[in-house]
Amino acid sequence: MSTGAKDRLRRFAVNLYAAPPDLPVERFCAMLAARGIGGVGLTARAVEAARPEALARLLRDHDLRASSLNSAGYVLHADPAAAAAQAALDTRLFEAAGALDAPVNVILGGTLHAAMDGAAPPLREARRRAEEGLARLAERARALGVRLALESMHPLALGTKGCVNQLSHARALARREGTGLTLDLYHSWWDDDLPAAIAEDEILVAQICGLIVPADGAPPLRAELADGPADLALFLRDLDAAGYAGAVEYEVFWGPMGQPEPEALLDRAVRDWLALTAPP
(Lines give C-alpha, C1' and ligand atoms only; values in the text may rest on other atoms or scores of the structure.)
Protein backbone atom coordinates (compact mmCIF):
# COMPACT_ATOMS: atom_id res chain seq x y z
CA MET A 1 0.00 0.00 0.00
CA SER A 2 1.31 3.44 -0.92
CA THR A 3 2.20 6.07 1.67
CA GLY A 4 -0.68 8.23 0.42
CA ALA A 5 -3.20 5.43 0.92
CA LYS A 6 -1.86 4.76 4.41
CA ASP A 7 -2.22 8.44 5.28
CA ARG A 8 -5.80 8.51 4.03
CA LEU A 9 -6.66 5.45 6.13
CA ARG A 10 -5.28 7.17 9.22
CA ARG A 11 -8.06 9.74 8.82
CA PHE A 12 -10.73 7.04 8.50
CA ALA A 13 -12.65 5.74 11.53
CA VAL A 14 -15.35 3.12 11.95
CA ASN A 15 -18.01 3.18 14.63
CA LEU A 16 -18.39 0.18 16.92
CA TYR A 17 -22.05 0.00 15.87
CA ALA A 18 -20.75 -1.77 12.73
CA ALA A 19 -19.73 -4.79 14.82
CA PRO A 20 -21.89 -7.65 16.06
CA PRO A 21 -22.93 -6.99 19.65
CA ASP A 22 -21.07 -10.08 20.88
CA LEU A 23 -17.78 -9.15 19.19
CA PRO A 24 -15.36 -7.98 21.90
CA VAL A 25 -14.31 -4.36 21.65
CA GLU A 26 -10.68 -5.50 21.82
CA ARG A 27 -11.16 -7.73 18.78
CA PHE A 28 -12.85 -4.96 16.79
CA CYS A 29 -9.99 -2.58 17.55
CA ALA A 30 -7.48 -5.19 16.42
CA MET A 31 -9.41 -5.64 13.16
CA LEU A 32 -9.29 -1.88 12.52
CA ALA A 33 -5.59 -1.65 13.31
CA ALA A 34 -4.77 -4.59 11.03
CA ARG A 35 -6.23 -2.61 8.11
CA GLY A 36 -4.46 0.63 8.95
CA ILE A 37 -7.69 2.38 9.99
CA GLY A 38 -6.88 5.25 12.33
CA GLY A 39 -9.95 5.68 14.52
CA VAL A 40 -12.91 4.09 16.23
CA GLY A 41 -16.24 5.55 17.31
CA LEU A 42 -17.04 4.16 20.75
CA THR A 43 -20.51 3.35 22.06
CA ALA A 44 -22.23 2.66 25.35
CA ARG A 45 -21.09 -0.96 25.05
CA ALA A 46 -17.45 0.09 25.19
CA VAL A 47 -17.69 2.58 28.05
CA GLU A 48 -19.83 0.19 30.10
CA ALA A 49 -17.37 -2.68 29.64
CA ALA A 50 -14.14 -0.96 30.64
CA ARG A 51 -12.88 1.91 32.73
CA PRO A 52 -11.63 4.97 30.83
CA GLU A 53 -7.99 4.17 31.62
CA ALA A 54 -8.37 0.68 30.17
CA LEU A 55 -10.01 2.07 27.02
CA ALA A 56 -7.22 4.60 26.61
CA ARG A 57 -4.63 1.84 26.94
CA LEU A 58 -6.50 -0.34 24.42
CA LEU A 59 -6.54 2.44 21.85
CA ARG A 60 -2.86 3.27 22.41
CA ASP A 61 -1.94 -0.39 21.97
CA HIS A 62 -3.68 -0.39 18.56
CA ASP A 63 -2.60 3.12 17.51
CA LEU A 64 -6.23 4.27 17.32
CA ARG A 65 -7.92 7.47 18.35
CA ALA A 66 -11.50 7.76 19.56
CA SER A 67 -13.41 9.69 16.91
CA SER A 68 -16.61 9.96 18.99
CA LEU A 69 -18.35 8.73 22.13
CA ASN A 70 -22.02 7.80 21.63
CA SER A 71 -24.38 9.15 22.88
CA ALA A 72 -25.48 11.49 25.65
CA GLY A 73 -28.56 13.66 25.80
CA TYR A 74 -31.64 11.45 25.64
CA VAL A 75 -33.51 13.73 28.01
CA LEU A 76 -37.19 13.02 27.34
CA HIS A 77 -37.51 9.75 29.25
CA ALA A 78 -40.52 9.84 31.55
CA ASP A 79 -39.73 6.42 33.00
CA PRO A 80 -37.46 6.97 36.05
CA ALA A 81 -35.43 3.83 35.35
CA ALA A 82 -34.73 4.87 31.75
CA ALA A 83 -33.81 8.39 32.86
CA ALA A 84 -31.48 7.02 35.55
CA ALA A 85 -29.81 4.66 33.08
CA GLN A 86 -29.17 7.53 30.66
CA ALA A 87 -27.79 9.72 33.46
CA ALA A 88 -25.39 6.92 34.42
CA LEU A 89 -24.32 6.53 30.80
CA ASP A 90 -23.77 10.29 30.49
CA THR A 91 -21.43 10.10 33.49
CA ARG A 92 -19.44 7.25 31.94
CA LEU A 93 -19.23 9.06 28.60
CA PHE A 94 -17.96 12.23 30.25
CA GLU A 95 -15.35 10.24 32.20
CA ALA A 96 -14.21 8.50 29.01
CA ALA A 97 -14.06 11.82 27.14
CA GLY A 98 -11.45 13.10 29.55
CA ALA A 99 -9.28 10.01 29.27
CA LEU A 100 -9.58 9.68 25.49
CA ASP A 101 -9.67 13.37 24.49
CA ALA A 102 -12.77 12.60 22.43
CA PRO A 103 -16.00 14.52 21.81
CA VAL A 104 -19.27 13.24 23.26
CA ASN A 105 -22.08 12.99 20.73
CA VAL A 106 -25.38 14.48 21.93
CA ILE A 107 -28.81 13.49 20.61
CA LEU A 108 -31.69 15.53 21.99
CA GLY A 109 -34.51 13.10 22.43
CA GLY A 110 -35.31 10.00 24.39
CA THR A 111 -38.05 9.17 21.94
CA LEU A 112 -41.25 11.11 22.05
CA HIS A 113 -43.24 7.91 22.38
CA ALA A 114 -41.28 6.76 25.42
CA ALA A 115 -42.08 10.02 27.18
CA MET A 116 -45.13 10.67 29.34
CA ASP A 117 -46.07 6.99 29.73
CA GLY A 118 -46.25 6.38 26.00
CA ALA A 119 -48.16 9.52 25.07
CA ALA A 120 -46.00 11.79 22.95
CA PRO A 121 -45.79 15.35 24.33
CA PRO A 122 -46.59 18.22 21.98
CA LEU A 123 -43.58 18.86 19.79
CA ARG A 124 -43.00 22.40 21.02
CA GLU A 125 -43.00 21.15 24.62
CA ALA A 126 -40.67 18.27 23.75
CA ARG A 127 -38.22 20.65 22.13
CA ARG A 128 -38.40 23.05 25.08
CA ARG A 129 -37.55 20.23 27.46
CA ALA A 130 -34.80 18.96 25.17
CA GLU A 131 -33.22 22.41 24.98
CA GLU A 132 -33.30 22.68 28.77
CA GLY A 133 -31.62 19.30 28.95
CA LEU A 134 -28.88 20.45 26.57
CA ALA A 135 -28.25 23.53 28.72
CA ARG A 136 -27.71 21.28 31.76
CA LEU A 137 -25.41 18.96 29.84
CA ALA A 138 -23.42 21.86 28.42
CA GLU A 139 -22.92 23.43 31.84
CA ARG A 140 -21.68 20.12 33.20
CA ALA A 141 -19.40 19.58 30.20
CA ARG A 142 -17.82 23.02 30.59
CA ALA A 143 -17.06 22.32 34.23
CA LEU A 144 -15.31 19.07 33.24
CA GLY A 145 -13.60 20.32 30.10
CA VAL A 146 -15.60 17.92 27.90
CA ARG A 147 -16.45 18.75 24.28
CA LEU A 148 -20.06 18.14 23.25
CA ALA A 149 -21.10 17.55 19.64
CA LEU A 150 -24.81 18.15 19.01
CA GLU A 151 -26.33 16.01 16.26
CA SER A 152 -29.39 16.86 14.18
CA MET A 153 -31.64 13.88 13.43
CA HIS A 154 -33.43 13.04 10.20
CA PRO A 155 -37.05 14.33 10.34
CA LEU A 156 -38.34 10.76 10.01
CA ALA A 157 -36.58 9.99 13.31
CA LEU A 158 -38.71 12.58 15.09
CA GLY A 159 -40.90 10.11 16.95
CA THR A 160 -38.27 7.48 17.60
CA LYS A 161 -34.96 9.15 18.31
CA GLY A 162 -34.62 12.92 18.48
CA CYS A 163 -36.57 16.16 18.17
CA VAL A 164 -33.87 18.45 16.76
CA ASN A 165 -34.36 17.74 13.07
CA GLN A 166 -32.89 20.63 11.11
CA LEU A 167 -29.33 21.88 11.04
CA SER A 168 -30.57 25.46 11.48
CA HIS A 169 -32.02 24.44 14.87
CA ALA A 170 -28.93 22.45 15.88
CA ARG A 171 -26.62 25.29 14.83
CA ALA A 172 -28.55 27.85 16.86
CA LEU A 173 -28.53 25.63 19.95
CA ALA A 174 -24.83 24.83 19.58
CA ARG A 175 -23.96 28.49 19.37
CA ARG A 176 -26.17 29.36 22.32
CA GLU A 177 -24.71 26.65 24.56
CA GLY A 178 -21.13 26.75 23.29
CA THR A 179 -21.06 23.21 21.90
CA GLY A 180 -19.83 21.85 18.59
CA LEU A 181 -21.73 19.81 16.03
CA THR A 182 -21.85 16.24 14.79
CA LEU A 183 -22.56 16.17 11.07
CA ASP A 184 -23.93 12.74 10.23
CA LEU A 185 -24.54 12.67 6.50
CA TYR A 186 -27.30 10.09 6.96
CA HIS A 187 -29.36 12.64 8.86
CA SER A 188 -28.34 15.84 7.06
CA TRP A 189 -27.36 15.07 3.45
CA TRP A 190 -30.61 16.70 2.27
CA ASP A 191 -30.39 19.81 4.48
CA ASP A 192 -29.81 23.16 2.74
CA ASP A 193 -27.83 24.35 5.77
CA LEU A 194 -25.17 21.65 5.41
CA PRO A 195 -22.64 23.74 3.43
CA ALA A 196 -23.02 26.69 5.83
CA ALA A 197 -22.67 24.45 8.88
CA ILE A 198 -19.44 23.02 7.50
CA ALA A 199 -18.06 26.44 6.64
CA GLU A 200 -19.16 28.41 9.69
CA ASP A 201 -19.59 26.12 12.71
CA GLU A 202 -17.31 24.05 14.92
CA ILE A 203 -17.53 20.51 13.56
CA LEU A 204 -16.32 17.98 16.12
CA VAL A 205 -17.58 14.76 14.51
CA ALA A 206 -18.09 13.97 10.82
CA GLN A 207 -19.95 10.74 10.02
CA ILE A 208 -20.63 9.17 6.64
CA CYS A 209 -22.35 6.16 5.14
CA GLY A 210 -24.03 5.17 1.92
CA LEU A 211 -27.79 5.60 1.61
CA ILE A 212 -30.67 3.58 0.26
CA VAL A 213 -33.75 5.78 -0.16
CA PRO A 214 -36.91 3.63 -0.44
CA ALA A 215 -39.41 4.70 -3.09
CA ASP A 216 -42.34 4.22 -0.69
CA GLY A 217 -41.33 7.09 1.62
CA ALA A 218 -39.98 4.85 4.39
CA PRO A 219 -36.93 6.14 6.29
CA PRO A 220 -33.64 5.91 4.41
CA LEU A 221 -31.40 2.95 5.16
CA ARG A 222 -27.71 3.19 5.97
CA ALA A 223 -25.61 1.39 3.41
CA GLU A 224 -22.04 0.83 2.34
CA LEU A 225 -20.03 3.79 1.15
CA ALA A 226 -20.44 3.21 -2.57
CA ASP A 227 -24.26 3.22 -2.41
CA GLY A 228 -26.88 5.94 -2.71
CA PRO A 229 -27.53 9.57 -3.65
CA ALA A 230 -25.53 11.41 -0.99
CA ASP A 231 -22.47 13.13 -2.48
CA LEU A 232 -19.80 11.86 -0.09
CA ALA A 233 -16.94 13.28 -2.13
CA LEU A 234 -18.44 16.78 -2.06
CA PHE A 235 -18.97 16.48 1.71
CA LEU A 236 -15.29 15.59 2.17
CA ARG A 237 -14.13 18.42 -0.10
CA ASP A 238 -16.24 20.91 1.86
CA LEU A 239 -14.78 19.62 5.14
CA ASP A 240 -11.26 20.01 3.78
CA ALA A 241 -11.99 23.53 2.51
CA ALA A 242 -13.27 24.50 5.96
CA GLY A 243 -10.09 23.22 7.61
CA TYR A 244 -11.65 20.23 9.35
CA ALA A 245 -8.76 18.09 10.57
CA GLY A 246 -10.63 15.40 12.49
CA ALA A 247 -11.46 11.83 11.60
CA VAL A 248 -14.21 10.90 9.17
CA GLU A 249 -16.23 8.15 10.79
CA TYR A 250 -18.14 5.42 8.96
CA GLU A 251 -21.33 4.81 10.93
CA VAL A 252 -23.52 1.85 10.06
CA PHE A 253 -25.45 -0.53 12.29
CA TRP A 254 -24.65 -4.22 12.06
CA GLY A 255 -28.18 -5.56 12.53
CA PRO A 256 -30.06 -3.36 10.04
CA MET A 257 -27.19 -3.85 7.58
CA GLY A 258 -28.15 -7.53 7.37
CA GLN A 259 -25.63 -8.81 9.93
CA PRO A 260 -22.63 -8.85 7.58
CA GLU A 261 -19.45 -10.74 8.39
CA PRO A 262 -17.41 -8.00 10.10
CA GLU A 263 -14.04 -8.73 8.47
CA ALA A 264 -15.60 -8.55 5.01
CA LEU A 265 -17.52 -5.37 5.90
CA LEU A 266 -14.30 -3.67 6.97
CA ASP A 267 -12.47 -4.84 3.85
CA ARG A 268 -15.17 -3.28 1.67
CA ALA A 269 -15.13 -0.10 3.78
CA VAL A 270 -11.37 0.27 3.27
CA ARG A 271 -11.74 -0.35 -0.46
CA ASP A 272 -14.55 2.20 -0.81
CA TRP A 273 -12.84 4.82 1.39
CA LEU A 274 -9.63 4.64 -0.61
CA ALA A 275 -11.61 4.94 -3.84
CA LEU A 276 -13.60 7.87 -2.46
CA THR A 277 -10.49 9.75 -1.32
CA ALA A 278 -8.19 8.89 -4.23
CA PRO A 279 -6.44 11.95 -5.66
CA PRO A 280 -7.74 13.14 -9.05
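The values are calculated or read from the model by the stated rules, or taken from the named source; none is laboratory data. Keep in mind that this is a model prediction, so the values were computed, not measured. Quick reminder, even Gly has a Cβ in these numbers, built from the backbone with ideal geometry, and neighbours come from all protein chains shown.
Remarks
- Picking from residues in the range 138-188 that are over 18 Å from Gly98 (Cα atoms) and among the charged types (D, E, K, R), the one that is modelled with the lowest pLDDT is Lys161.
- Boolean, Val25 is crowded, with 17+ Cβ neighbours inside 10 Å, closer than 22 Å to Arg136 by Cα and not charged (D, E, K, R): no
- Close Cβ contacts (under 6 Å, 6 or more residues apart or on different chains) running from residues in the range 200-215 that are surrounded by 15 or more Cβ atoms within 10 Å (Cβ to Cβ) to residues that are basic (Lys, Arg) comprise Asp201/Arg171; Leu204/Arg147; Cys209/Arg222.
- Condition met for Leu236 (among the hydrophobic types (A, V, I, L, M, F, W, C), closer than 20 Å to Val270 by Cβ and not in a strand (DSSP E or B)): yes
- Unique residue being small (Gly, Ala, Ser), in contact (Cβ under 8 Å) with a residue 12 or more places away in the chain and surrounded by 24 or more Cβ atoms within 10 Å (Cβ to Cβ) when the list is Gly162, Gly180: Gly162
- Residue within the range 148-156 that is touching a Cys at 6+ places or on another chain (Cβ under 7 Å), crowded, with 18+ Cβ neighbours inside 10 Å and of a type in the set (Ser, Thr, Tyr) present: no
- Hits in the range 249-280 - residues which are over 23 Å from Pro20 (Cβ atoms) and of a type outside the set (Gly, Ala, Ser): Leu274, Leu276, Thr277, Pro279, Pro280
- Residue count, the range 1-26 (criterion: under 12 Å from Val270 (Cβ atoms) and in a loop (DSSP other than H, G, I, E, B)): 1
- Residues of the range 58-73 satisfying the condition of being outside any helix (DSSP H, G or I), of a type outside the set (A, V, I, L, M, F, W, C) and over 11 Å from Asn105 (Cα atoms): His62, Asp63, Arg65
- Taken across the range 34-51, residues that are within 21 Å of Gly246 (Cα to Cα) and either basic (Lys, Arg) or modelled with pLDDT under 95 (or both) do occur, with at least one present.
- Of Asp90, Asp101, all but one fail to be buried (at least 17 other Cβ atoms within 10 Å of the Cβ), closer than 21 Å to Leu181 by Cβ, at pLDDT 90 or above and among the acidic types (Asp, Glu); the exception is Asp90.
- Verdict on Ala81 being more than 20 Å from the chain's Cα centre (by Cα), under 29 Å from Leu134 (Cα atoms), at pLDDT below 95 and in a helix (DSSP H, G or I): yes
- Single residue of the range 124-176 satisfying the filter (among the hydrophobic types (A, V, I, L, M, F, W, C) and in contact with a Ser or Thr (Cβ under 6 Å, 6 or more places away or on another chain)) that is farthest from Cys209 (Cα to Cα): Ala138
- If only residues of the range 67-87 that are touching a helix residue (DSSP H, G or I) at 6+ places or on another chain (Cβ under 8 Å) and either of a type in the set (A, V, I, L, M) or surrounded by fewer than 16 Cβ atoms within 10 Å (Cβ to Cβ) (or both) are counted, the one that is farthest from Arg127 (Cα to Cα) is Leu69.
- Residue match in the range 100-110 (condition: within 30 Å of Leu158 (Cα to Cα), touching a His at 6+ places or on another chain (Cβ under 9 Å) and touching a residue at least 40 places away in the same chain (Cβ under 8 Å)): no
- Any hit, the range 35-57, residues being part of a helix (DSSP H, G or I), in contact (Cβ under 8 Å) with a residue 60 or more places away in the chain, more than 18 Å from Asp101 (Cβ to Cβ) and of a type in the set (A, V, I, L, M): no
- Filter result for the condition that a residue is buried (at least 18 other Cβ atoms within 10 Å of the Cβ), touching a strand residue (DSSP E or B) at 6+ places or on another chain (Cβ under 9 Å) and at pLDDT 95 or above, over Leu232, Leu221, Leu276: Leu232
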